[in-house]
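So the structure is just underneath, and the comments pick up after that.
The values are calculated or read from the model by the stated rules, or taken from the named source; none is laboratory data. What you are looking at is a predicted structure, and each value in this text was computed from that prediction instead of being measured. Glycine also receives a Cβ, built like all others from the backbone with ideal geometry; neighbour counts cover every protein chain displayed.
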Amino acid sequence: MNEAEMRKKLASLTTEHRDLDAAIEALRLSGSTDQLQIARLKKRKLALKDQIGFLEDALLPDIIA
């Protein structure tokens with residue numbers, strides 16, 4: 001995967017992460033009692049955060065101090 005593809009994927013994952021955050025908040029505010037659905041969304045959000053971190057690390061050059 002080249003740098004442009006990685007940046008595109010990073011933007012996509014970041015958008016999805018934000019959307020999941022909004023969905024979780026909407027469910028919480030609506031008083032949803034479907035805790036399983038909320039838990040699944042949170043788990044997916046954490047997985048996205050890991051993928052975002054991996055891509056960000058891959059895009060940043062190593063700096064020798």
Would you please name the residue that is modelled with the lowest pLDDT, looking only at residues in segment 1-22 that are out of contact with any Leu (no Cβ under 6 Å at 6 or more places or on another chain) and among the hydrophobic types (A, V, I, L, M, F, W, C)?
1
Checking 50, 57, 21 in turn, the sole residue that is closer than 30 Å to residue 2 by Cβ, touching a helix residue (DSSP H, G or I) at 6+ places or on another chain (Cβ under 7 Å) and not hydrophobic (A, V, I, L, M, F, W, C) turns out to be 21
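For residue 27, state whether it is surrounded by 12 or more Cβ atoms within 10 Å (Cβ to Cβ), hydrophobic (A, V, I, L, M, F, W, C) and touching a residue at least 12 places away in the same chain (Cβ under 8 Å).
Details: surrounded by 12 or more Cβ atoms within 10 Å (Cβ to Cβ): yes; hydrophobic (A, V, I, L, M, F, W, C): yes; touching a residue at least 12 places away in the same chain (Cβ under 8 Å): yes.
Criteria met by residue 27.
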